[in-house]
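Notes follow once the structure below has been shown.
The values are calculated or read from the model by the stated rules, or taken from the named source; none is laboratory data. Please read all numbers here as calculations on a predicted model, not as lab measurements. Virtual Cβ from ideal backbone geometry, glycine too; neighbours counted across all protein chains shown. For accessibility, only protein heavy atoms count, side chains too; no ligands or nucleic acids. Shrake-Rupley method; radii C 1.70, N 1.55, O 1.52, S 1.80 Å.
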Amino acid sequence: MDQLGQLVVAAQNDGAVQDERTERSDLDVFKLAALRISASEGNAAAQYTLGVMHEEGEGVEPSYEIAMEWFIKSADQGNTAAQYALGVIYEQGEAIEQSYEKAVEWYEKAAVQGDAHAQYALGCMYDVGCGVEQSHIHAAEWYEKSAGQGNAAAQTALGLMYETGGLGVIVSHEKAAVCYASAAAQGNARAQCRLGWLYYKGLGLCQSADEAFVWWQKAAEQGDADAGNKLGGLYYEGTGVSQSDTDALCWFMKAALQGDVSAMYNVGLMYEQGRGEVSQSDVHAAEWYNKAALKGQAQAQSNLACLYIEGVTADHDATVTFKKAALWFEQAALQGHGDSQVNLGWMYVAGEGVQQSDLQAVHWFAQAAAQGHSGAQCSLAWMYRNGRGVQRSNLIAAELYRKAAEQGYAVAQFNLGCMYLYGWGIEQSNDQAAEWIRKAAYQDNLHAQYAIGWMHKHGSGVEQSNTSAIEWFRKAAREGHARSQYQIGTMYRKGAGIEKSDAKAAEWYAKAARQNCPYAQCSLGFVLSRGEGVEKSEAKAVEWYLKSAAQGHAQAENNLGFMYREGLGVQRCAVKAAEWFQKAAAKGNASAQCSLGWMYKE
């Protein structure tokens, strides 16, 4: 076909298309005319349709005024669709003056006739108290009517009421699950998310992380941010799906960018931990925590405060960072965040970032303790034990330690054991002391491990056993507990519960001495002065005695007096010898008192 022929055919085709469009246009005009005639004759359905066309500008000039006229004509004849449309218009108040009261009026007209959408909308108005006195009972009634007709939004709303309870219905996770399942099957993302939660927690349904994953994935793929965050949590934990930090971060980030505050926190956590193919960055973590914190996410506020205290944010001025930390702890504490209340309390104790105030510390410890926070109970007990911000009371301290200890809080268990050991605020009992201290020791509390070792060594509340003592001392010593290291050194030196070894004794003394343990420093000085297990060095012995004496250790002071009197490792000096003997004697050291007596006699 030549070029001219092609143009002729194209022109014919264009003409055919134009004729088709003209016919369709003529048909639309005919239908519109017929619709207008029918509406003018009082046909309610036609009136409603014309209202929709003018509201949306479909084939006619868009006009809310004309749309309202037709909706009212139709609604006055009892057309429920028109009544519902008027309710929406008055509720939104975009084209006319907003009026919740009129919205309720029109919703109710449609609802009583059985319109499911209107029933749901009326339930919402009762739920929040817009245009009508708030009534969760009436809200539940209308939700139930609408849900019974299969309205997914109403089924979801009713499910939320059954899940939370106290809002017009009695809590029933089983009924909530039924409502969510019906709505979820219709593709309602919110219902899918909540159904996943019930499966995850085993509420009203058999617990199943696999099912939770299925429903959260469905909801997340529809853009439900809450579900996306929860789905990220499953990948993070490896629950219901293979563990994947990459997928976890992906879903957290998607949800965070949609504005989900929990997801913002989780993205910050991933950066802080360096997980999910992102490099560890406290700065980026702080940025995301800050986004969530500004939206009121309490855990993000707490974590951000911790980063400020650790000095890893963009601010490097300690005074500024502590003040910011205190401010964020306070924001979280005001929301009832227990950890933040405790941390804020200790900032008041120390006067860091806030003006020092024991009263404020007690206030925040008490707030958290009232929630059953074991750390707060333990902290408040410390305040009573030391009379800080409250009248000193060992009795109240013991009670608080017990509350925290019974929750398994190791620090409180150790402290309660000490209260029993010394009879502070409680009847003295070595047996009870050993029981509570042992509980803490099994939780790897180093102080408790040392204490139970000491009790075995001396047979206090437990059977005397140097072997058991060594075992407990070793547990704490391996983690760097200086007093335990010192005790191991002493037991090696004496051959108590272990083969005697001066070399190992000196080795353990040195470990503890380097951690500034005064007992170990004194003992290390002693073995150095005698050359037991180490090369003899009286000069080094004096150095360690001085370190120990600087901490007020009486035996080290006595030993220094001896070294000065005899001129061992230092130049002989009776005056300095007397000074050191006097310091030790004042602390009740019998050897120093005796030596001082001989010096006076001479």
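Averaging Cα coordinates gives a centre for segment 139-199 and one for segment 554-602; these two points are 84 Å apart. Our compactness index for segment 420-465, the C-alpha radius of gyration over the empirical 2.2 N^0.38 Å, is 1.06. Projecting label points 7 angstrom from Cα along Cα→Cβ for Cys206 and Arg36 puts them 6.5 nm apart. For segment 243-373, the relative contact order works out to 15 percent when only alpha carbon pairs closer than 8 Å and six or more residues apart are counted.
The C-alpha radius of gyration of segment 241-289, expressed as a fraction of 2.2 N^0.38 Å, stands at 1.03. When the alpha carbon coordinates of segment 173-246 are projected onto the principal axes, the ranges are 35, 25, 14 Å, largest first.
Kindly provide log₁₀ I(q)/I(0) values, in the same order as q = 0.22, 0.26 Å⁻¹, from the Debye equation applied to equal alpha-carbon scatterers of segment 241-322. Scattering profile of segment 241-322, log10 relative to I(0): -0.95, -1.18.
Model label sites at Gln571 and Ser172, defined 7 Å from Cα along the beta-carbon direction, differ in position by 9.6 nm. Net length available on complete extension from Arg478 to Ala318 is 54.3 nm, with 0.36 nm assigned per residue and the Cα-Cα distance removed. When all C-alpha to C-alpha distances in segment 73-158 are sorted into bins of 5 Å, what percent of pairs does each bin hold, rounded to whole numbers? Bins of 5 Å from zero give 3, 19, 26, 25, 18, 7, 1 percent of pairs.
The rule of thumb for compact globular proteins, 2.2 N^0.38 Å, goes into the C-alpha radius of gyration of segment 429-500 1.00 times. Working note: Debye formula, equal point scatterers on the alpha-carbon atoms of segment 255-406, no solvent; log10 I(q)/I(0) at q = 0.09, 0.16, 0.20 Å⁻¹ is -0.32, -0.85, -1.10. The slack in the chain from Val112 to Ala503, taken as 0.36 nm per residue of separation less the alpha-carbon distance, amounts to 131.4 nm. Per the Kirkwood definition applied to all pairs of different Cα atoms, how many angstroms is the hydrodynamic radius of segment 89-133? Evaluated over segment 89-133, this radius sits at 10.3 Å. The mean sequence separation of alpha-carbon pairs under 8 Å and at least six residues apart, normalised by the residue count of the chain, gives a relative contact order of 3 percent.
Show which aspartates and glutamates lie in cross-link reach of Lys324 when reach means a straight Cα distance below 17 angstrom and same-chain residues fewer than eight apart are skipped. Within reach: Asp282, Glu287, Glu310, Asp315, Asp339, Glu352.
Rolling a 1.4 Å probe across all protein chains gives Ile137 an accessible area of roughly 100 Å². When +1 charges are put on Lys and Arg Cβ atoms and -1 charges on Asp and Glu Cβ atoms, the dipole computed for the chain relative to its Cα centre reaches about 5260 debye. In this calculation the C-beta distance from Ile72 to His363 is compared with R0 = 51 Å, giving a FRET efficiency of 0.30. Of all lysines in the structure, those lying under 23 Å Cα to Cα from Lys403, and not within fewer than 8 positions of it along the same chain, are Lys439. Note on segment 393-535: percent of Cα-Cα distances in each 10 Å bin, starting at 0 and stopping at the bin with the largest distance, equals 14, 37, 30, 15, 4, 0.
Counting only DSSP H runs of at least 4 residues, each contributing -39500 (n - 2.57), and dividing by the residue count of the chain, the helix-based mean residue ellipticity at 222 nm comes to -23500 deg cm²/dmol.
The mean accessible area for residues of the chain, using a 1.4 Å probe and ignoring ligands and nucleic acids, is 49 Å² per residue. Under the criterion of Cα pairs below 8 Å and six or more residues apart, the relative contact order for segment 431-538 equals 16 percent. Straight-line cross-link reach from Lys547 at under 21 Å between alpha-carbon atoms covers these lysines, not counting any fewer than eight positions away in the same chain: Lys511, Lys536, Lys576, Lys583, Lys587. Alpha-carbon geometry of the chain: the Rg and the Dmax are 39.3, 141 Å, given in that order.
Per-atom-type breakdown for the chain gives carbon and sulfur 49% of the accessible area (1.4 Å probe, protein chains only). In this simple spin-label model, placing a label point 7 Å from the Cα along the Cα-to-Cβ direction at both Glu435 and Ala586 gives a separation of 4.5 nm. Note on segment 153-192: Rg/Rh from C-alpha atoms, Kirkwood Rh, equals 0.97.
Loop-located GluC sites (Glu not before Pro) across segment 234-290 with a Cβ neighbour count of 13 or fewer within 10 Å are Glu277, with loop assigned by DSSP. Using every pair of separate Cα atoms, the Kirkwood estimate puts the hydrodynamic radius of segment 329-447 at 14.2 angstrom.
Largest first, the three principal axis extents of the alpha carbons in segment 539-602 are 31, 23, 14 Å in whole numbers.
Average 1/r across all pairs of distinct alpha carbons in segment 463-579, invert it, and you get the Kirkwood radius: 14.4 Å.
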